[in-house]
Structures are given as C-alpha cells and as structure tokens.
1. Work from the charge dipole of the protein assembly as shown (Cβ charges, +1 for Lys and Arg, -1 for Asp and Glu, about the Cα centre) and give the residue of A:Ala36, A:Leu159, B:Ala250 farthest towards its positive end.
2. How large are Rg and Dmax for the stretch B:212-258 when only the alpha carbon atoms are used, in Å?
3. Please report, ordered by residue number, every helix of chain B (full DSSP H runs) that is 27 Å or longer along its axis going by C-alpha atoms and whose mean Kyte-Doolittle hydropathy reaches 0.0.
4. Taking the Cα centre as origin and putting +1 on Lys and Arg beta-carbons and -1 on Asp and Glu beta-carbons, what dipole magnitude results for the protein assembly as shown, to the nearest 20 debye?
5. Just to confirm the number: angle between the C-alpha axis of helix A:145-156 and the first principal axis of chain A, 0 to 90 degrees, nearest 10?
6. Bin width 10 Å, origin at 0, all Cα-Cα pairs of the stretch B:133-187: what percent of pairs per bin?
7. Against the empirical 2.2 N^0.38 Å scaling, what ratio does the C-alpha Rg of the stretch B:11-153 come to?
8. How high is the relative contact order of the stretch A:89-166, in percent, with contacts defined as C-alpha pairs under 8 Å that are six or more residues apart?
Amino acid sequence: MPDDILVDIEDLQFNYDGRPVLQGINMKIPRGKVVAIMGGSGCGKTTLLRCIGGQLRPTGGRVRLEKHQVCEMSEAELYRLRRKMGMLFQFGALFTDMSVFDNVAFPLREHTDMSEEMIRDLVMMKLEAVGLRGARKLMPGELSGGMARRVALARAVALDPMLVMYDEPFTGLDPIALGVIGQLIRKLNDALGATSIMVTHDIHESLLIVDYIYFLNGGRVVAEGTPDEIRASKDPFVHQFVYAEVEGPVHFDYPAPSIRQELLAGVTRV
Amino acid sequence: MFSPASLIRKLGHATVERIWRLGFAARFFVAILRLSGTSFRRLPLTLREIYFSGVLSLLIILVSGLFVGLVLGLQGFETLQRYGSTEALGVLVALSLTRELGPVVAALLFASRAGSSVTAEIGLMKATEQLKAMDMMAVNPIARVVAPRFWGGVVAMPLLAAMFSAMGVLGGWLIGVVFIGVDDGAFWSQMQAGVDWRYDVWNGVIKSFVFGIAVSLIAVFEGYDSVPTAEGVSRAITRTVVTSALTILALDFVLTSFMFRGAS
Ligand SMILES: Nc1ncnc2c1ncn2[C@@H]1O[C@H](COP(=O)(O)OP(=O)(O)O)[C@@H](O)[C@H]1O
Ligand SMILES: [Mg+2]
C-alpha cells in the first residue's frame, strides 16, 4: 500500500562542491511512525533532512512526500508544503530576540489569522505539553540546553505538522533531559498523529522510542530494521554502533590520502 | 614562488571574486525589493526597525552634530572676519551642513552605529541557524528579517541627517551669536535668504536618502553573506563599516558633481 508511505526516498544523491555526501539513499517512512536515522558525525544526516525539507536540491534521485515530488517543486510550492512540516534544529535555533512565548507563537502569527487570545491558548497548550508553561516570559538566553530544545520542540509542532524532523535532539543533554526529550518526541508524535524522522547518534535512547531505524555510512543505508531486529543483528556495522566500539567498519577520519603519502608529498614539495 | 604568472593569476582571481560578489549583491538587492511586500503590509515590523536603527544612532548623531556646528561656527567666523562679512556666518554654517556635512557625516556615523549592529544581528541569526529555521517554517527570511531592516535604515537615514544638520546650525548659532556676538537677526535672515529650499535642502535630502539605501544594503548584505562563525561575523561587521565609508564618500563626490554646478 503505497499510501501508507508518507516519505519515499529513492536513490537520493547529493554533492557538496563535487564531494559526494549522499550516494544513493533509499528509505520509506510510513505514516504515524517514528523513524530514526543513525550514523557517525558528518555522514550526511543533516543534509538528508534538508533534502527532505526541500532546502537543498539533490544532485540525483527523488524525494516524494505525500503526493508531492519535493525536488521538482518551486519555491512557492515548497513554502506551502513546509507549513505542514516541523523541524527541530540541532541547537534549537530559537529566535534570540523573542521570548519563549513569542517563539512558539511565531508560526501561528505568520501563517494563521487567529486572534491573539486563540494564539495565547494554543501556545499555552504547546508549552504545557513540553512542561514549560512557567517559562513563557523567559528569553532564549536564559534557558538551559534541555529547556531550549523543548521550546524548539513546542515551536516545531505549533501548527500540528504531519511530518516532524528532529536533527540530533539529544546532543549536549544530560541523561535525564535526554530521556525527557525522547519521551516527548514519542508522545507528541502519537498525540498529533504525525510522522517523525529523528536523526541521532544515540542508539540506546532510539531503541527505546522509535519504530524503525536506518543506519547510514559512507552516504548509503548500510543497515535497517525494527529495534528488536537491530538488537539481534549480527551485522558488524550495527554491532559496532550498538556497542560503541572503536574498531570496526566505521572510520572516524575525514577522507584523506594515507598519512605516508602526505608525508612523502611534503618531502618532495620542499 | 612569486612568479609573474602566479601574481597575475592571484590578481585575476581576486578581481573575479569581487565582481562575482558584486553581482550577488545586486541580485540580493533585487530580491529585497521583490520581497518588500511584507515590510509595507506589516508596518509594525518596519517601524520597529526604524525605531531601533534611529534610536541607536540618535544620541551620537545629536552630539556629533552639535560639535561639528560649534567647529563650523569658530572656523567660519575666523575666515569671514578677514573679509568683514561675519553676518554671513549663518549662511555658511547652514549651507555646509545641508549640502555636505549633514548627509555625509550622519551617514558615516549611521553606518558605524546602526549598520554594524544590523550586520551583527543578521550574521548571528545566520550563524545560529535562525534563518534556516525560519525558512523551514515557510517564512522567507529575506522578507521577514532582511527587508524590514533595509527599509528601516532607508527611512531613518534622512531623518537622522536632518537632525544632524539642525543640531549643527544650533551649534553654529551658539558660537557665533551667543559667544562671539554676531548679530542675531543678521545670522538668521542671511541664512533664510542664502539657503534655497530646492537647490540646497532638497539635494541634501536626496543625498542622505541615497546614502541610506547604500548603507542599509551593505549592512544587510554583509550580514546575510557572512561566514556563519564568530570570526566570520566579526569580519563582516568590519567590512560593513569600511565599505560603507568608502561608498558614502565616493557617492558623495558623484552626487555633488551632478547637483551643485554653481548655477545660482
Ligand atoms: N555548507 C557546506 N559546504 C560544504 N560541505 C558541507 C557543508 N555542510 C556540510 N558539509 C559536509 O557534508 C558532510 C555531511 O554534513 P552533515 O549532513 O552536516 O553531517 P551530519 O549532520 O551527519 O553530521 C560533512 O562531511 C560536511 O563536511
Ligand atoms: Mg548534523
């Protein structure tokens, strides 16, 4: 049933200045699910999210969202589509010149004709959902990292989006705040009837809350499965990730010629 | 190392880079104009920016205007005295201010005070991904953030230049009339007779309007085009101040040569 698939990514490719970042990604994100995309830093997770949101044009392949071909849409069409999407940026990206309340109210004020009273009620509900109703008058600079992330979460779901994307929602959080955000992501997804894509490298929190996991490496999907399948997996890549091993198929270096080559090159140049 | 070929290559590269960036700035300007609807439809957005860039620069403009007027009064009196025409002090002060010093000095001060802070604000919003976040929320950052700041500067600049000139005239009057004792009536009546509304004042207003467009465009462009790091933003701020100053002085020469040809 293709209609069960909200986001369908086919052979997606992307280059930064000729350097390939995504090299043929295939994913199907079913409606109503929370899907995690995992991979080491710099493997192209943020790039993938921005391709789904239409902020970056892929060099090849296709992204289908509902019945829309994201890569072929005009700017105006993309803006219309994005009203139905929410995105949580890696560091929250709250507007620093606005209070917590105004940040959450921002999408409502920009995209709806609601009265200030209705906006107030809605913002209060969203802030209540993330447990920060009391913080509505604070400025972003006065929030802790975890609180800022929760405010950004409330802002991302202010318009009740059908698709919410989270870019590394757990980085820089203490274990308790991390658990809180994880639970919130699941709770909000189910309460809104939304679909969530969560980019992260926190395997343990993901195994607890998501329905399906994709592993990226070298710009490709190298493993995928439900949390149970992942736990039971014998795949060396998955094993390395789950048990945080240093040695394995993942290399943590930026691509470069071998150190020996570079040293010799240096000698000949001088 | 320094072969002529590599020197030429570097020079060419730098030139191409500059021209490319200039082209980008021109396209950016067109984008601002195209997306200015929001700034006018939602006037509070623009009013807020007029208020910020205006109020930010108000004190420095008023104080500097006063000092420039005081100096003009002293120097002008000193020179006019040699020709025995100290009553012309009013005309001298008023003409220097409305034609040149008002628009030019106010624009230089405006660039370093308000322009730099606009660059910093937009640059930091870029560095902290606020602009990308806004774009993902289906709100165009050029329409919502850049254009109101641009128009805020364009509107604030002539107002500030006018205030600068007014304070300058007051300063010249203080020195000439109050301290040195030039005839009060002569000071004002000569000024009234010698300053032409269209030729002097209006041309000055046009100048400050053009400077306002230039400085505001440079400020928002440098912010929007900054490298999104702390260092990149600080370099962008410096570029705003330097580029604005050069642009203001060059434009002033061009405008003056078109406007004032000793017709009257
Ligand atoms: N604006 C850019 N210009 C050039 N290269 C970039 C840019 N943004 C990211 N990259 C490169 O693309 C790769 C993937 O980046 P990203 O998607 O941010 O990774 P992740 O989110 O998985 O950490 C990285 O190697 C990074 O160096
Ligand atoms: Mg990232």
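1. B:Ala250
2. 12.4, 42
3. Working: long enough: B:4-34 (45 Å, 0.54); B:43-82 (54 Å, 1.31); B:147-173 (40 Å, 1.19); B:203-224 (31 Å, 1.41); B:230-259 (42 Å, 1.11).
Span-like helices here: B:4-34, B:43-82, B:147-173, B:203-224, B:230-259.
4. Here the protein assembly as shown has a charge dipole of around 760 debye.
5. Helix A:145-156 sits roughly 70 degrees off the main axis of chain A.
6. Going out from 0 Å in 10 Å bins, the stretch B:133-187 shows 21, 24, 18, 15, 12, 9, 3 percent.
7. Rg over 2.2 N^0.38 Å, computed on Cα atoms: 1.46.
8. Numbers: 84 pairs, mean separation 36.9, N = 78.
Over the stretch A:89-166, the number comes to 47 percent.
Read-outs: derived from the displayed coordinates by stated rules, not from any lab. Here the structure is a predicted model, which means the values were calculated and not measured. For neighbour counting, all protein chains shown are included, and Cβ atoms are generated from backbone atoms with ideal geometry for every residue, glycine included.
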